[in-house]
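Reading through the structure tokens given below for one structure.
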Amino acid sequence: MTIGRVANAAGVSIDTIRFYERRGLLAKPGRSFSGYRNYSDDVLDRLRFIGDAKRLGFSLKEIKESLSLGVKSTAECGPVTRKAEMKLAAMNEEIARLQRLRLTLRKMVETCGGQCAPTRVSREAFAQRRSERVVEKRRSLWKS
């Protein structure tokens, strides 16, 4: 199969395939007599695996490690399971953080009733507090 046909079948660009070759995610294909790349049908499975793994949040480095362990499908268990569990835990932490942020923002909107706007006084007060902290920090450095 030519690079264009592989790209179309996998739903990726030709440049993506070449990039994956350079990064070692795809083996260099054989060449035809005229110099065109000749890909086997296996490359489509590998490209699907790479795409699935990327959608699950794995980096290209992690995907390459998984491929080097012989994992050919996102449905396979084995050595990749621990990494997937760690990725899932990180996603859950991020979701929890975003939910806390959403709750805070919702409370802010409800409390202000859409009437909150930064005032000149509040900006000046903020600037004053900031300059006081800078001065105090400089004083503490001089005392050390």
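Listed values, structure above:
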item: FRET efficiency, 1/(1 + (r/R0)^6) with R0 30 Å, evaluated for residue 96 and residue 128 via beta carbons; result: 0.25
item: Burial ranking of peptide ranges 47-58, 94-105 (average Cβ count within 10 Å, highest at the top); result: 47-58, 94-105
item: Spin-label model distance (nm) - residue 40 vs residue 65, 7 Å beyond Cα toward Cβ; result: 2.7 nm
item: Extended-chain gain in nm, criterion 0.36 nm per residue less alpha-carbon gap, residue 15 and residue 136; result: 38.0 nm
item: Label point distance in nm, residue 110-residue 22, each placed 7 Å from Cα along Cα→Cβ; result: 5.2 nm
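Any read-out appearing in this document is the output of simple, stated calculations on the displayed coordinates, not a laboratory observation. Quantities reported herein were computed from a predicted structural model and do not represent experimental measurements. In this analysis, Cβ positions are derived from the backbone assuming ideal geometry, glycine residues included, and neighbour counts consider all displayed protein chains.
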